[in-house]
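Trainee: The structure is given below, and queries will be raised subsequently.
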């Protein structure tokens, strides 16, 4: 119900944690001791992802997405997950198709017939934000404030299908939209380099990796390369996420596959086309069986379903050759 101060609001469920409750969690549960956190993807997902969790990740299946962790979540059949889908693409249909995700906060849901039909059939509930709106929710959660203002949703139908609220701006008198803070249960971050303690580096484009780590109750980092902690001490300004925010580190070369990892390997468009072509439950089931359920882990997936020759070709395509060609 609106009141004298709230001019407009959507009437949908949303994830919200009181900022003081989250601060207490950080104070009591986030240790500062530099202890080794290197585990397998299976161990990390089993320990830090529970049924009913809210999961967020800062990039998609096209570029630097945490695809090896997403596949492990499906392999373990985590249930009733709520996904923060900013810039998501193939993660949403795969998680819905495997019966893992039942709710999605949508910034960009992805494309393809499968996920659209799942929404129409009511197999997944969607709450429509925007990419910018979800990013601001994460930023509010990271800053420890209950909301942040934006003009992002004003004048759009998103006001009716999200939990945003419009109020009178006390400074200008004009309408302003407020989006609630978001503190996910788990953040998945795929990075270029990490050490065993949890320090992480991202090279190139970064959306909100640090903010997601600051805002989330638990953080799992998967890394293309594990480097010595001394490397981070030598050049601390290149650290994207500090160790004390991270709960688990997973070594995952080609962990963004079939997406690209900037400066490491290119996107596998042939594999992406296979994902885009999925339209039916039977097609989805066959894909999941072949690429996730029939392999024990990420390493076996790369060995049996991708192959050394294909990985070398994707590395070659990502190599920058300067000068005229």
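Trainee: Can you name every residue in region 230-252 that is over 15 Å from the mean Cα position of the chain (by Cα) and touching a residue at least 60 places away in the same chain (Cβ under 8 Å)?
Mentor: Within region 230-252, 243, 244, 245, 247, 248, 249, 250, 251, 252 qualify.
Trainee: For the condition closer than 26 Å to residue 220 by Cβ and part of a loop (DSSP other than H, G, I, E, B), what is the one hit in 184, 170? It would help to see each step written out before you state the result.
Mentor: Values: 170 fails: closer than 26 Å to residue 220 by Cβ.
None of the others qualify; the one that does is 184.
Trainee: Output the residue which, of all residues in region 14-36 that are in a loop (DSSP other than H, G, I, E, B) and more than 20 Å from the chain's Cα centre (by Cα), is modelled with the lowest pLDDT. Let's see the steps before the verdict.
Mentor: Restricting attention to region 14-36, the residues satisfying the condition of being in a loop (DSSP other than H, G, I, E, B) are 14-18, 30-36.
Now drop any that are not more than 20 Å from the chain's Cα centre (by Cα), which leaves 18, 30-36.
On the way: 18: 98, 30: 91, 31: 88, 32: 92, 33: 95, 34: 96, 35: 97, 36: 98.
If we take residues in region 14-36 being in a loop (DSSP other than H, G, I, E, B) and more than 20 Å from the chain's Cα centre (by Cα), then 31 is modelled with the lowest pLDDT.
Trainee: Still on this structure: Is at least one residue of region 285-298 in contact (Cβ under 8 Å) with a residue 60 or more places away in the chain and in a loop (DSSP other than H, G, I, E, B)?
Mentor: Yes, that holds for at least one residue.
Trainee: If you check 310, 325, which single one turns out to be surrounded by fewer than 19 Cβ atoms within 10 Å (Cβ to Cβ) and either at pLDDT 95 or above or outside any loop (DSSP other than H, G, I, E, B) (or both)? Walk me through it before giving the result.
Mentor: Working: 325 fails: either at pLDDT 95 or above or outside any loop (DSSP other than H, G, I, E, B) (or both).
Of the residues listed, the single one that is surrounded by fewer than 19 Cβ atoms within 10 Å (Cβ to Cβ) and either at pLDDT 95 or above or outside any loop (DSSP other than H, G, I, E, B) (or both) is 310.
Trainee: Continuing with the same structure: Conditions: (1) out of contact with any helix residue (DSSP H, G or I) (no Cβ under 9 Å at 6 or more places or on another chain); (2) at negative phi. Residue 294 meets all but one. Number of the miss?
Mentor: Here residue 294 meets the rest and fails (1).
Trainee: If I ask for residues that are in a loop (DSSP other than H, G, I, E, B), surrounded by fewer than 19 Cβ atoms within 10 Å (Cβ to Cβ) and modelled with pLDDT of 95 or more, which ones from region 204-238 would you list?
Mentor: 227, 228, 235
Trainee: Within region 30-44, count every residue that is out of contact with any strand residue (DSSP E or B) (no Cβ under 8 Å at 6 or more places or on another chain), within 29 Å of residue 137 (Cβ to Cβ) and surrounded by 14 or more Cβ atoms within 10 Å (Cβ to Cβ). Spell out how you get there, then give the answer.
Mentor: As a first pass, look at region 30-44 and keep what is out of contact with any strand residue (DSSP E or B) (no Cβ under 8 Å at 6 or more places or on another chain): 30-36, 42.
From the residues that got through so far, the ones that are within 29 Å of residue 137 (Cβ to Cβ) too are 30-32.
Within this subset, residues satisfying the condition of being surrounded by 14 or more Cβ atoms within 10 Å (Cβ to Cβ) are 30.
Result for region 30-44: 1.
The values are calculated or read from the model by the stated rules, or taken from the named source; none is laboratory data. The shown structure was predicted, so the numbers you read here are calculated from the model rather than taken from an experiment. With ideal geometry, Cβ positions are generated from the backbone for all residues, glycine too; neighbour counts draw on all protein chains shown.
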